[in-house]
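Below is one structure; the comments refer to it alone.
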Amino acid sequence: MRSLAALVFPGFQTLDFFGPMEMLGDPTYDIQIITVAQELAPVPSRHGQKIVPDTTIGESTNYDLLLIPGGDAALEACTNPEMLQWIRDVAARAERVMAVCTGTIVLGMTGLLDGRKATTNKLDFMSTIHHAPKVDWVKEARWVEDGKFFTSSGVSAGMDMALAVLAGLYGNEKAEETAIGTEYSWHRNPHEDPFAKLAGLV
């Protein structure tokens, strides 16, 4: 069994979090999802729903997988020194580190993506990437894989990224079964990104 630390913070983007969880939480993968927050109090999403975390960042850094969602609140909620150090410590051990949307900016601010390729939300691209200037930001990409780090564009792209991670860990056939089981049209080509053009990036 693999353990997955799924980070939440006040104002997290709902689909950034629950989209990948739908894919990664398929019981056939035997992944234990552990919701982690700075405190144990219920954490509201951007849309108001509250999720009760399983544990806090002060309890453990020993996880096999890490997911960092985004949201408009991410750069305020997740860039304090304690949170950034927790991300560094978890990433040091994890097999795969995943970030969605502005969660990628947070990951970039840890320094872990310095010199690596990554992408983020296209509508907010130019207004956020300056927070992590040493990252090799890719303007046109649905998601980017660089070593064990997987980063995705905005919101729904996190599901494509999660399926790519599952394909790497468990095989393409298993990931395809998950996509079919959720009736999701999996965008397998990471370079197919129409939103980069719509945002005027290319």
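Taking the Cα atoms of segment 114-202, what is the range of coordinates along each of the three principal axes, in descending order and whole Å?
38, 27, 16
What does DSSP give for segment 2-198 in terms of the percent of beta bridges that are antiparallel, rounded to the nearest 5?
Just about 20 percent of them are antiparallel.
Under 4 °C and 1.567 mPa s, how fast does segment 2-198 diffuse according to Stokes-Einstein, given a Kirkwood radius computed over C-alpha pairs? Answer in µm²/s, whole number.
Translational D for this selection: 79 µm²/s.
Quick one: compute the contact order of segment 2-198, relative version, from alpha carbon pairs under 8 angstrom and 6+ residues apart, as a percent.
20 percent
Can you sort 86, 143 so the residue with the fewest Cβ neighbours within 10 Å comes first?
86, 143
Give a residue-ordered list of calculated ³J(HN,Hα) values for segment 16-21 (Karplus: 6.51 cos²θ - 1.76 cosθ + 1.60, θ = phi - 60°; whole Hz; x for Gly, Pro).
Couplings: 3, 8, 6, x, x, 4 Hz.
So what is the orientation-averaged projected area of segment 1-107, using the convex hull of its C-alpha atoms, in nm²?
5.9 nm²
About the Cα centre of segment 2-198, how large is the charge dipole given +1 on each Lys and Arg Cβ and -1 on each Asp and Glu Cβ? Please answer in debye to the nearest 20.
420 debye
Below 22 Å, Cα to Cα, which lysines can residue 197 reach? Residues fewer than 8 away in the same chain don't count.
Result set, ordered by chain and number: 117, 122, 139.
When a footprinting reagent is the concern and you count Cβ atoms within 10 Å, what order do 183, 95 take, fewest first?
Result, fewest neighbours first: 183, 95.
Using +1 at the C-beta of Lys and Arg and -1 at the C-beta of Asp and Glu, which of 199, 185, 171 has the Cα lying farthest in the positive direction of the dipole of the chain?
It is 199.
Set the Förster radius R0 to 25 Å, insert the Cβ-Cβ distance between residue 88 and residue 49 as r into 1/(1 + (r/R0)^6), and round the FRET efficiency to 0.05.
After rounding to 0.05, the efficiency reads 0.30.
Once each part is reduced to its C-alpha centroid, what is the distance from segment 18-64 to segment 99-142 in angstrom?
Each part's Cα centre sits 22 Å from the other's.
Mind checking which aspartates and glutamates have their Cα closer than 15 Å to the Cα of residue 134? Skip sequence neighbours fewer than 8 apart in that chain.
List returned: 114, 146.
Bear in mind that the values in this text are calculations on the coordinates, not laboratory data. Worth saying up front: this structure is predicted, and the values here are computed from it rather than measured. Don't worry about glycine lacking a Cβ; one is built from the backbone with ideal geometry, like all the others, and counts go over all protein chains shown.
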